[in-house]
Amino acid sequence: MAEATSDQPNSVSTTAPIAPPLTSYTPRYIDIGINLADPIFRGRYHGKSRHPDDLQAVVGRAVEVGCTKLIVTGSSFKSSRDALKLAKEFPGIVFATAGIHPCSSSIFSPSHHKHHDESQSEGEDEAEHTPACDPDPSQPIPDGDGVDLARSEKIIADLADLITRARKDFPSSSSNPGELVAFGEFGLDYDRLHYCSKEVQLHSFSAQLRLAASLTPQLPLFLHSRAAHADFVRLLKEAFGPRLERLEKGGVVHSFTGTVDEMRELMDLGLYIGVNGCSFKTAENCEVVKEIELSRLMLETDGPWCEVRPSHEGWKYLVEFEARAKAAAAAAAAAAPSTAQGQAGTPENQQQQQQGKKKNQKKDPEVLERYKTVKKEKWEEGAMVKGRNEPCTIERIAKIVAGIKGVSIEEVCEAAWANTVKVFGLES
Ligand SMILES: [Zn+2]
């Protein structure tokens, strides 16, 4: 990727008031939260095959834009195992997490009809897989279902076993982080109590925190917190001490949508903040992003969910970024013809895409689409699928963060890269 010219327009934002001088910086990204184990990346939607398995192409597009490392979220037993399999399939690119998402935590309750290991049949795994980050309006599950303690003990023992095996099969070393790089995704989600009651979520989170604290050595934590800040922080402190002083490897609270005060408290506790499209929905969200210290920032797409949309407050920063990049690219092209080699994202190709887009203009015309996007029913090789967010869109996250914070894309990317490499041990 050292020769990639595809991102040059992104870095020449010389008309920005706070932008740095012209540089030849090529952005590099690590997507810390990508649900690549979701069947949607194999062409399966709600249990039905809609198009060919295009996972290779999804990973290929990510690498092409400079997103060379993907931390694939494990949010249940099945998706954690699948994430570990993907790490084998894409060594050095894909790394995995393992844990039980709050929205997958109903396995702890007595009414859950199956043992967690049995939820593998076609169709079943759709629910088993990644719950979307967006709250949905269905009815909450009432409290009172309770926790099946015997079942809970077995679940935690199985999770410990899964982690031990993953670490034994692929041990980390100073030059190799191993395949399993974090404990999680786990936490609390009170926006979506319709998947799992508060009572069961609290049990799931605290039981997993105890396991995470008991590991030798510990793993970094990949955490989820939605509308549950006080309980979330309380349980973290119960497991790791009032200053999280027993948390050896740190952790990230991903897909952050909380308040500035909540974010500051998490940073004060030494935690990192993961930002994706859900973090830019409102002006208040963007104010929070502005206050995230670069030394605590991580970037993610949370694909297939959480894409940045034109209706989001953050979109305007993308428009501004693209406008500056286009103007700078035009100026550069006028000064000296490009020598780019016709890659997907070269200036020539981007221009073609813009022209193509003009013919078919409906919305968001100001923002470049690096890759053609089609509906799943009209899937074609090399195209992205409408509504299925994927890791190559991480450059949008970086651009928006840069715009909100008034810093360069280079500062954003390098800070996030360094933070991520440090916490998850991805040195090699
Ligand atoms: Zn999450």
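The values are calculated or read from the model by the stated rules, or taken from the named source; none is laboratory data. Note that this is a predicted model, so its numbers are computed, not measured. Quick reminder, even Gly has a Cβ in these numbers, built from the backbone with ideal geometry, and neighbours come from all protein chains shown.
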Picked from the stretch 301-321 (must be farther than 16 Å from Lys290 by Cα and surrounded by fewer than 24 Cβ atoms within 10 Å (Cβ to Cβ)), the residue nearest to the ligand (Cβ to nearest atom) is Trp305
Every residue in the stretch 99-116 that is more than 16 Å from the ligand (Cβ to nearest atom), modelled with pLDDT of 90 or more and over 12 Å from Ser197 (Cβ atoms), please.
Ile107
Could you check Cys67 against (1) farther than 13 Å from Ile32 by Cα; (2) touching a helix residue (DSSP H, G or I) at 6+ places or on another chain (Cβ under 6 Å) and say which number it fails?
(1)
Selection over the stretch 205-227 where residues are of a type in the set (Gly, Ala, Ser) and within 14 Å of the ligand (Cβ to nearest atom) yields a count of 2
Residues located in the stretch 228-265, provided they are more than 16 Å from the ligand (Cβ to nearest atom) and either touching a Gly at 6+ places or on another chain (Cβ under 8 Å) or among the basic types (Lys, Arg) (or both)
Arg234, Lys237, Arg243, Leu244, Arg246, Leu247, Lys249, Gly250, Arg264
